[in-house]
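Following: one structure in structure tokens, then a few remarks.
The values are calculated or read from the model by the stated rules, or taken from the named source; none is laboratory data. All values derive from a computational prediction rather than experimental measurement. Virtual Cβ from ideal backbone geometry, glycine too; neighbours counted across all protein chains shown.
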Amino acid sequence: MKAVCPGSFDPITLGHLSIFERAAAHVDQLTVLVTANPNKNTGLFTVDERMELIRRAVEHLPNVDVDTWGGLLVDYTTAHGVDALVKGLRSSLDYDYELPMAQMNRRLTGVETFFLLTDEKYGYVSSTLCKEVARYGGDVSGLMPDHVVAAVREKYRALDSGEKA
């Protein structure tokens, strides 16, 4: 089975990584798909930076690759012969948000969506919250892979000093 785990991943957290690892154990090929318009820089990290951070985080998973897509997800699944989508759920709020998209994706192309419950130790972790804590000097170690923690710190250091990050 060929599956895709889509998201913005700005940046990847240990919650994301847990989902990737668990999904990869059940599929032949998993693509972590950074869904963003590559012509718009609308996050802390560019799409290319996010992809590199993810590649480093999943290098121990031989059946996982990283790609990007700026259009409809169903167009990607059709073009790449994807059998299923994998989404992590932290709470019922995530489910309420993801369910209509899963139903629409299935209606449009027949692709199924598999929901994995987030490991309870990462249930409160989000990229947005990690960035906010890091932005104000809080310690986000243990919430993101170490290389991502370092990249976030460096990005905010550069932004604070007026450098191009």
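Descriptive notes on the structure:
- Cβ-Cβ distances below 7 Å connect the following pairs, each with a first residue in the stretch 76-105 that is among the charged types (D, E, K, R), a second residue that is assigned to a helix (DSSP H, G or I), and a separation of six or more residues or different chains: Lys87/Glu98.
- Qualifying residue in the stretch 5-28 (condition: more than 22 Å from Ala151 (Cβ to Cβ), among the hydrophobic types (A, V, I, L, M, F, W, C) and out of contact with any Leu (no Cβ under 6 Å at 6 or more places or on another chain)): yes
- Of the residues contained in the stretch 26-39, none is found to be under 27 Å from Arg153 (Cβ atoms) and of a type in the set (Asp, Glu).
- Only listed residue being of a type in the set (Val, Ile, Thr), in contact with a Ser or Thr (Cβ under 6 Å, 6 or more places away or on another chain), in contact (Cβ under 8 Å) with a residue 12 or more places away in the chain and surrounded by 14 or more Cβ atoms within 10 Å (Cβ to Cβ), chosen from Val111, Val140: Val111
- Among the residues making up the stretch 21-58, those that are in a helix (DSSP H, G or I), within 19 Å of Tyr76 (Cβ to Cβ) and either in contact with a Gly (Cβ under 9 Å, 6 or more places away or on another chain) or of a type in the set (Asp, Glu) (or both) are Ala23, Val47, Asp48, Arg50.
- Residue selected from the stretch 51-101 under the condition surrounded by fewer than 21 Cβ atoms within 10 Å (Cβ to Cβ), of a type in the set (S, T, N, Q) and touching a helix residue (DSSP H, G or I) at 6+ places or on another chain (Cβ under 7 Å), by the criterion farthest from Ala23 (Cα to Cα): Thr78
- Qualifying residue in the stretch 124-131 (condition: free of Cβ contacts under 8 Å to residues at least 24 places away in the same chain, farther than 18 Å from Ala23 by Cβ and either surrounded by 15 or more Cβ atoms within 10 Å (Cβ to Cβ) or of a type in the set (A, V, I, L, M) (or both)): yes
- Out of Tyr97, Tyr76, one residue alone is among the aromatic types (Phe, Trp, Tyr), more than 14 Å from the chain's Cα centre (by Cα) and at pLDDT 95 or above. It is Tyr76.
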